[in-house]
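**Q** First the structure, then my questions, so here it is.
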Amino acid sequence: MKKYLSISLKSATLVVCSLFGFSAHAQANWEPTKNVEFIVPAGTGGGADQMARFLQGVITKHKLMAQPLVVVNKSGGAGAEGFLDAKGARPDGHKIIITLSNLFTTPLATGVPFNWKDLTPVAMLALDEFVLWVNAESPYKTVGDLTKAVKQGESGKFKMAGTGSKQEDQIITVAIEKTTGKKMTYIPFKGGGDVAVQLVGKHVDTTVNNPIEAVAHWKGGTLRALCVFDSQVMPYPKKITPTQSWKDIPTCKSQGLDVEYLMLRGIFMPPKATPAQVAYYTDVFQKVRQLPEWKEFMETGAFKDTFMKGQEFQDWLLKAEVEHYRLMRDAGFLAK
């Protein structure tokens, strides 16, 4: 009787699975069956865009996915366009999004109906640094030179270029203003690539670009790095310029500018993504992290190579959300 009951239950399960078009085996071994859209909620040339296109390249090169990964920039509304697109997408596993900290700042600043909890977290790939940059031909050789000039100049005289309004770059700008006691004129652009070009062209006085957004210009001798907004120096000793490596850049705090900030580089999926879909992409990105190209990418862009998934990533996101609310509130950036 027990044997008969067991067979009957098994048969019933197979019938139900057949009716709904899936099996336990298929669920456990899910993979995409068509192109996967990889959303970048930021402009071209910036850190998120560069990382997404790097990931697309190495995943294709090493055949880590059977289906193509297609990068699409959706930067409208400080990234809200991309976040709302991901939020409203079908949970079929064929759309993923790379996030920066506008995951938190955009809804707080704009009031757009979105929260990171509307998406399904996959993994933190890294944390991104911010560096204080000036044009290489400027008279500011140290952080002290720059902050002294800002303090002695007229309010609004110094121009700071940054990515977007009321996002990471402007949060750091406000923190610098509080330290120096003087306002700066903040000029927003769509992406970090545009920001770097503005500084190279001497249209602005300074920027706080991510390393990867300015490294080519630093290497080419047109930009100067003054300090990194982290509690410790970057751990990369390889020379980028004839005289400096990332490790040679001092922390801003050690130079009297008491400001620290790190930015998320993470992967999310639309709401209601299945555990099997999340596991698939987690596995893909863990394989990427084992590649020599990844290690080179981390070093070139001076990333903090930090990986999280599951509950650990969820806990980090909850803390980051609280911290960004505090930062946005103190800067006066919350939507009225």
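**Q** How many residues are more than 18 Å from Gln314 (Cβ to Cβ), aliphatic (A, V, I, L, M) and assigned to a loop (DSSP other than H, G, I, E, B) when one looks only at region 101-127?
**A** Summing the residues that are more than 18 Å from Gln314 (Cβ to Cβ), aliphatic (A, V, I, L, M) and assigned to a loop (DSSP other than H, G, I, E, B) in region 101-127 gives 1.
**Q** Just give me the residues in region 73-118 being polar (S, T, N, Q), surrounded by fewer than 24 Cβ atoms within 10 Å (Cβ to Cβ) and in contact with a Gly (Cβ under 6 Å, 6 or more places away or on another chain), in sequence order.
**A** Result: Ser75, single match.
**Q** Limited to region 184-198, what total is found for residues that are within 16 Å of Gln170 (Cβ to Cβ) and touching a helix residue (DSSP H, G or I) at 6+ places or on another chain (Cβ under 8 Å)?
**A** 8
**Q** Every residue in region 288-303 that is within 17 Å of Asn210 (Cβ to Cβ), modelled with pLDDT of 95 or more and outside any helix (DSSP H, G or I), please.
**A** Ala302, Phe303, listed by residue number.
**Q** Still on this structure, please answer the following. Going by the structure shown, is Pro292 in the same structural domain as Gln170 (by TED's automatic domain parsing) and closer than 30 Å to Gly220 by Cα?
**A** So Pro292 fails the test.
**Q** Is there a residue being under 17 Å from Ala279 (Cα atoms), modelled with pLDDT under 95 and part of a loop (DSSP other than H, G, I, E, B) anywhere in region 41-50?
**A** No, region 41-50 has no match at all.
**Q** Here is a further query. So, in region 141-161, how many residues would count as being in a loop (DSSP other than H, G, I, E, B), polar (S, T, N, Q) and under 16 Å from Val174 (Cβ atoms)?
**A** 1
**Q** Moving on. When you go through (1) closer than 24 Å to Phe333 by Cβ; (2) without any contact (Cβ under 8 Å) to a residue 12 or more places away in the chain one by one for Lys166, which number turns out not to apply?
**A** For Lys166, the exception is condition (2).
**Q** Let me ask something else. From Lys202, Lys178, grab the single residue that is assigned to a loop (DSSP other than H, G, I, E, B), out of contact with any Gly (no Cβ under 6 Å at 6 or more places or on another chain), of a type in the set (D, E, K, R) and not assigned by TED's automatic domain parsing to the domain that holds Gly77.
**A** Only one candidate passes the filter, namely Lys202.
**Q** Looking at region 226-251 only, could you name the residues that are in contact (Cβ under 8 Å) with a residue 60 or more places away in the chain and under 21 Å from the mean Cα position of the chain (by Cα)?
**A** Cys227, Val228, Phe229, Asp230, Met234, Tyr236, listed by residue number.
**Q** From the list Asp194, Asp230, exactly one residue is in the same structural domain as Tyr140 (by TED's automatic domain parsing), of a type in the set (Asp, Glu) and assigned to a loop (DSSP other than H, G, I, E, B). Which is it?
**A** Values: Asp194 fails: assigned to a loop (DSSP other than H, G, I, E, B).
Exactly one residue qualifies, and that residue is Asp230.
The values are calculated or read from the model by the stated rules, or taken from the named source; none is laboratory data. The structure displayed is predicted, hence computed values, not measured ones. As a convention, Cβ positions derive from the backbone with ideal geometry for all residues, glycine included, and neighbour counts pool all protein chains shown.
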